[in-house]
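The values are calculated or read from the model by the stated rules, or taken from the named source; none is laboratory data. Keep in mind it's a predicted model, so treat the numbers as computed, not measured. Cβ: placed from backbone, ideal geometry, glycine included. Neighbour counts: every protein chain shown.
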Amino acid sequence: MAASDTIEAEGHLIDSGHLSAIFDKIIEFKAQYEILKFDIGRTNDDPSRIEMRISATEAHQLDELLQALTTWGCHPIRERDALVKPAEKDRCVPDDFYSTTNHRTHVRVGGRWREVEKQRMDAVIIVNDGRPVCRKLRDVKAGESIVCGHEGIRVTPEFRERDRLGFAFMSNDVSSERRVEGSVARIAAMMREAKKSGGRIAVVAGPVVVHTGGVEHFSELIRGGYVHAVLAGNALAVHDVEFALSGTSLGIDLAAGAPVEQGHRNHMAAINTINRAGGIRAAVASGVLTSGVMYECVQHGVDYVLAGSIRDDGPLPDTVMDLIAAQERYAEVLSNNVQLVLMLSSMLHSIGVGNMLPSWVRVVCVDINPAVVTKLSDRGSMQTVGVVTDVGLFLHRLAEALR
């Protein structure tokens, strides 16, 4: 082996599966390891610590391996400042740029370890006046200092919780076999804790919330102070307004469960009504809109952002059709002390929000399709736990549990 380095990692390495992942990655790169020290910890709360020498046949192979191991909290024993290179032009960085994860990250700058600000996945790190900050590639300006390589970077993964308030009750498994009531009780406890501690709860919601009869239960959560932000697409608001004005969703009478005559025009009539009023807030102020999720958001000062798509009818005046502007609005809301995110049957918006969140923000995804939760985890939002059930039923049970 022509190249070697000594690394260390610390945390709940065994029960979180991180130690196995580290060994698997070393073997995948056809490298070798020698364990120099391993302290397993004497109690449940004690972290483990491992120190090992990694050897590879070529230096570039070792560099690639060390960069991959950074994700699992490994870092070289030696302490060096991070390698920083200038961006050659706007939206373009050096080829060896460090790509961020959603885990808490520190960068060594000027001999000091500094926590990276605005942590999120799929970004680069710029150093501005000695402060490392996550930056989307599209926002990089020529000449900015970009962190490159793997030296001087330390990542602290979120380790599986020891069933604190039951958040580890499902780990990352997704199953339709669990009783919804048990899951709801634990989620309600987490929401109470977040509210009591002054944290904010954001809800990412799709129009299925309306289709499945969840509007009144969702509204009850808002009235109870358990929702501080709603992130959604144009469709949620349109169907919510349609239901408030006509009692239908996409022309289906939700009470009778049957289509109504000329019901197909109701969602366009809802858009027309809001357009005439001048927007959702104006419709509430003028008494045109008197119930529903959007009504409760306005009445109780809940932040909401509606992000548009190519499919949208109308769209409503409140809908942000500039994609980048909508992403920035989402990110701004999520950065305001959000501690828990509920994702309710909206795959694309849920994945988008997942990409914006640091790994220490709790995420609960509720969907009748287990593949939605799996996709969130596969894309790096490993803190997600899933409840596979009908969203309307879930909201009904959750509202009951929080009364």
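Would you confirm, using the coordinates I've provided, whether Asn337 is surrounded by fewer than 20 Cβ atoms within 10 Å (Cβ to Cβ), modelled with pLDDT of 90 or more and touching a strand residue (DSSP E or B) at 6+ places or on another chain (Cβ under 9 Å)?
Values: surrounded by fewer than 20 Cβ atoms within 10 Å (Cβ to Cβ): yes; modelled with pLDDT of 90 or more: yes; touching a strand residue (DSSP E or B) at 6+ places or on another chain (Cβ under 9 Å): yes.
Yes, satisfied.
Table: residues versus (1) over 13 Å from Val364 (Cβ atoms); (2) modelled with pLDDT of 95 or more; (3) not polar (S, T, N, Q).
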| residue | (1), (2), (3) |
| --- | --- |
| Lys136 | yes, yes, yes |
| Lys141 | yes, yes, yes |
| Glu144 | yes, yes, yes |
| Glu151 | yes, no, yes |
| Val155 | yes, no, yes |
| Glu158 | yes, no, yes |
| Met170 | no, no, yes |
| Asp173 | yes, no, yes |
| Arg186 | no, no, yes |
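Cβ-Cβ distance below 9 Å, separation of 6 or more or different chains: which pairs start in segment 103-120 with a residue that is within 13 Å of Ile153 (Cβ to Cβ) and end on one that is in a strand (DSSP E or B) and among the hydroxyl-bearing types (Ser, Thr, Tyr)?
His103/Thr156; Arg104/Thr156; Thr105/Thr156; His106/Thr156; Glu115/Thr105; Val116/Thr105; Gln119/Thr105
Identify the residue in segment 64-82 that is surrounded by fewer than 17 Cβ atoms within 10 Å (Cβ to Cβ) and either aromatic (Phe, Trp, Tyr) or touching a strand residue (DSSP E or B) at 6+ places or on another chain (Cβ under 6 Å) (or both) and, among all such residues, is nearest to Thr156 (Cα to Cα).
By that ranking, first place goes to Ile77.
Got at least one residue in segment 53-71 being over 28 Å from the mean Cα position of the chain (by Cα) and free of Cβ contacts under 8 Å to residues at least 24 places away in the same chain?
Step one: list which residues in segment 53-71 are over 28 Å from the mean Cα position of the chain (by Cα), which gives 53-63.
Filter again for free of Cβ contacts under 8 Å to residues at least 24 places away in the same chain, leaving 60.
Scanning segment 53-71, I find at least one residue that is over 28 Å from the mean Cα position of the chain (by Cα) and free of Cβ contacts under 8 Å to residues at least 24 places away in the same chain, so the answer is yes.
Can you pull out every residue in segment 320-351 that is among the aliphatic types (A, V, I, L, M) and part of a helix (DSSP H, G or I)?
Those that are among the aliphatic types (A, V, I, L, M) and part of a helix (DSSP H, G or I): Leu323, Ile324, Ala325, Ala326, Ala331, Val333, Leu334, Met347, Leu348, Ile351.
So in segment 126-152, with the set limited to residues that are of a type outside the set (Gly, Ala, Ser) and assigned to a loop (DSSP other than H, G, I, E, B), which one is nearest to the chain's Cα centre (by Cα)?
If we take residues in segment 126-152 being of a type outside the set (Gly, Ala, Ser) and assigned to a loop (DSSP other than H, G, I, E, B), then Lys136 is nearest to the chain's Cα centre (by Cα).
For (1) surrounded by fewer than 23 Cβ atoms within 10 Å (Cβ to Cβ); (2) of a type outside the set (Gly, Ala, Ser); (3) modelled with pLDDT under 85, each residue gets a yes or a no:
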site: Val353; (1), (2), (3): no, yes, no
site: Val361; (1), (2), (3): yes, yes, no
site: Val373; (1), (2), (3): no, yes, yes
site: Leu376; (1), (2), (3): no, yes, yes
site: Val391; (1), (2), (3): no, yes, no
site: His396; (1), (2), (3): yes, yes, no
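Within segment 1-36, track down each residue that is of a type in the set (Val, Ile, Thr) and within 15 Å of Leu62 (Cα to Cα).
Scanning segment 1-36 gives Thr6, Ile7, Ile22, Ile26, Ile27.
Considering every residue within segment 84-96, establish whether at least one is under 23 Å from the mean Cα position of the chain (by Cα) and over 20 Å from Val361 (Cα atoms). Talk me through it step by step, then tell me what you get.
So the first thing to find is which residues in segment 84-96 are under 23 Å from the mean Cα position of the chain (by Cα), and the list is none.
Scanning segment 84-96, I find no residue that is under 23 Å from the mean Cα position of the chain (by Cα) and over 20 Å from Val361 (Cα atoms), so the answer is no.
Being within 28 Å of the chain's Cα centre (by Cα) and part of a strand (DSSP E or B) is the filter here, so list the residues in segment 8-32 that pass it.
Narrowing segment 8-32 to residues within 28 Å of the chain's Cα centre (by Cα): 9-25.
Within segment 8-32, Ala9, Glu10, Gly11 meet the criteria.
Name every residue in segment 89-108 that is surrounded by 12 or more Cβ atoms within 10 Å (Cβ to Cβ) and farther than 24 Å from Ala331 by Cβ, in order of residue number.
Pro94, Asp96, Arg108 - these are the residues of segment 89-108 that are surrounded by 12 or more Cβ atoms within 10 Å (Cβ to Cβ) and farther than 24 Å from Ala331 by Cβ.
Given the condition out of contact with any strand residue (DSSP E or B) (no Cβ under 7 Å at 6 or more places or on another chain), at pLDDT 95 or above, surrounded by fewer than 14 Cβ atoms within 10 Å (Cβ to Cβ) and not in a loop (DSSP other than H, G, I, E, B), answer yes or no: does some residue in segment 281-294 qualify?
Yes; the residues of segment 281-294 include at least one that is out of contact with any strand residue (DSSP E or B) (no Cβ under 7 Å at 6 or more places or on another chain), at pLDDT 95 or above, surrounded by fewer than 14 Cβ atoms within 10 Å (Cβ to Cβ) and not in a loop (DSSP other than H, G, I, E, B).
Go through (1) assigned to a helix (DSSP H, G or I); (2) crowded, with 20+ Cβ neighbours inside 10 Å and name the single condition Glu400 misses.
(2)
One residue is enough: does segment 26-37 have a residue meeting the conditions under 20 Å from Thr101 (Cβ atoms), in contact (Cβ under 8 Å) with a residue 40 or more places away in the chain and not assigned by TED's automatic domain parsing to the domain that holds Val107?
The answer is yes, given that some residue of segment 26-37 is under 20 Å from Thr101 (Cβ atoms), in contact (Cβ under 8 Å) with a residue 40 or more places away in the chain and not assigned by TED's automatic domain parsing to the domain that holds Val107.
Which pairs do you get when a residue that is free of Cβ contacts under 8 Å to residues at least 12 places away in the same chain and among the hydrophobic types (A, V, I, L, M, F, W, C), found in segment 221-235, comes within reach of a residue that is part of a helix (DSSP H, G or I) and surrounded by 24 or more Cβ atoms within 10 Å (Cβ to Cβ), reach meaning Cβ atoms under 7 angstrom, with the pair 6+ apart or on two chains?
If the second residue must be part of a helix (DSSP H, G or I) and surrounded by 24 or more Cβ atoms within 10 Å (Cβ to Cβ), no pairs are left.
Residue check: is Ala87 aliphatic (A, V, I, L, M), in contact with a strand residue (DSSP E or B) (Cβ under 7 Å, 6 or more places away or on another chain) and touching a residue at least 12 places away in the same chain (Cβ under 8 Å)?
yes
In segment 247-279, which residue that is in contact with a His (Cβ under 9 Å, 6 or more places away or on another chain) and part of a strand (DSSP E or B) is surrounded by the fewest Cβ atoms within 10 Å (Cβ to Cβ)?
This residue is Ile252.
I'm trying to understand the selection: among the residues of segment 85-110, which are outside any strand (DSSP E or B) and more than 20 Å from Gly73 (Cα to Cα)?
Scanning segment 85-110 gives Ala87, Glu88, Asp90, Arg91, Val93, Pro94, Asp95, Gly110.
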